[in-house]
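Enquirer: Please read through the structure below; I'll follow up with questions.
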Amino acid sequence: MNIDKTPIEGCYLIKPKVFKDDRGSFMETYNSQTFTELTGLNPKFVQDNQSVSAYGTVRGLHFQEGKYAQSKLVRVIEGEVLDLVVDLRPLSKTFKKSFSIKLSKENNFQLFIPRGLAHGFSVLKQNTIFCYKCDNFYHKGSERGIRYNDPELNLDWHLNQDDMILSKKDKDLPTLREYLDDRKAQG
């Protein structure tokens, strides 16, 4: 397993070693000892989630805040996505920076997303299966998000606007500026 730093502080790209033969393939998708040795982090994952999405679906940008913030380890087991993160940690050297990478069944890449980052993905192949581990349980009252088309972030989802399928909830999310202003007003 190779673990590479990304341009976002604390966010890592994981490239599992895949062993193939006549029978098929095998890979270790996660090893806490190796992950800790290579990153210095030791997340305790408590919840696994999975979604199946049609081509053009955009999910995000989502996160939980406060004591319910979550780190995630995400991967694709069928299909392909463009995975995006935005650093929302004001004290981070990479505050407001974004990073994206394609995750697919073919490349088997995984992305570790630390707490304090907004996360989303766009689906680039029909019937994509996306899986992720979380180090904290889902808490509806702590769920937040940033609008996918925030002009300040200027994110490229690798889809035409006409092909995008979004939930009403994701369309109505605040911009990053609106979110930060609201957070500041709350003290």
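No value in this document is a laboratory result; all are computed from the given coordinates. Owing to the predicted nature of the structure, the values given are computational and were not obtained by experimental measurement. Ideal geometry is used to build each Cβ from the backbone, glycine not excepted, and the neighbour counts take in all protein chains shown.
Enquirer: What do the square roots of 5 times the Cα gyration tensor eigenvalues come to for the range 61-187, in whole Å, largest first, as semi-axes of the equivalent ellipsoid?
Expert: So the three semi-axes of the range 61-187 are 24, 17, 14 Å.
Enquirer: Counting other C-beta atoms within 10 Å, which of Leu117, Leu124, Leu180 has the fewest, and how do the rest follow?
Expert: Leu180, Leu124, Leu117
Enquirer: Something else about it: Which order do the peptides 147-153, 109-115 come out in when sorted by mean C-beta neighbours inside 10 angstrom, highest first?
Expert: 109-115, 147-153
Enquirer: Test of understanding: ordering Asp170, Asp4 by Cβ neighbours within 10 Å, fewest first, what list do you get?
Expert: If I rank by nearby Cβ atoms, fewest first, I get Asp4, Asp170.
Enquirer: What list of ³J(HN,Hα) values in whole Hz, one per residue of the range 24-39 in order, does the Karplus curve 6.51 cos²θ - 1.76 cosθ + 1.60 (θ = phi - 60°) give from phi, with Gly and Pro shown as x?
Expert: Couplings: x, 9, 9, 8, 8, 8, 7, 9, 4, 5, 5, 4, 5, 4, 8, 10 Hz.
Enquirer: Given a Förster radius of 41 Å and the C-beta distance between Ser32 and Gln161 as r, what FRET efficiency does 1/(1 + (r/R0)^6) yield to the nearest 0.05?
Expert: So, using R0 = 41 Å, E works out to roughly 0.50.
Enquirer: What distance in nm separates the simple spin-label points at Phe137 and Lys5, each placed 7 Å from Cα in the Cβ direction?
Expert: Result: 3.6 nm between the two label points.
Enquirer: In whole Å, what three semi-axes, largest first, describe the equivalent ellipsoid of the range 48-122 built from its Cα gyration tensor (square root of 5 times each eigenvalue)?
Expert: Over the Cα atoms of the range 48-122, the semi-axes work out to 22, 13, 11 Å.
Enquirer: Here's something else I'd like to know. Quick check: residue separation of Glu65 and Phe45 times 0.36 nm, minus the Cα distance between them. What number comes out in nm?
Expert: 5.5 nm
Enquirer: Sequence-distant or interchain residues sharing an amide H contact under 5 Å with Lys72, placed H: which?
Expert: Close amide H contacts, sequence-distant or interchain: Ile113.
Enquirer: Filter the trypsin sites (Lys or Arg not before Pro) in the range 11-46 down to the DSSP loop ones having no more than 13 other Cβ atoms within 10 Å, then list what survives.
Expert: Here the trypsin sites (Lys or Arg not before Pro) that fit, given the DSSP loop and packing criteria, are Lys17, Arg23, Lys44.
Enquirer: Okay, next question. What is the range 1-40 by shape, rounded, prolate or oblate, if you read a ≥ b ≥ c off the alpha carbon gyration tensor as root eigenvalues and call it rounded for a/c under 1.5, prolate for a/b larger than b/c, and oblate otherwise?
Expert: Cα axes put the range 1-40 in the prolate bin.
Enquirer: Follow-up. Sort Val85, Val46 by Cβ crowding within 10 Å, fewest neighbours at the top.
Expert: Placing the least packed residue first, the sequence is Val46, Val85.
Enquirer: Treating the angle as unsigned and between 0 and 90°, give the value, to the nearest 10°, between the Cα long axis of helix 176-185 and the longest Cα principal axis of the chain.
Expert: Computed tilt is about 60 degrees.
Enquirer: State the Kirkwood hydrodynamic radius of the range 6-142 in Å, one decimal place, computed from all pairs of distinct Cα atoms.
Expert: 15.5 Å
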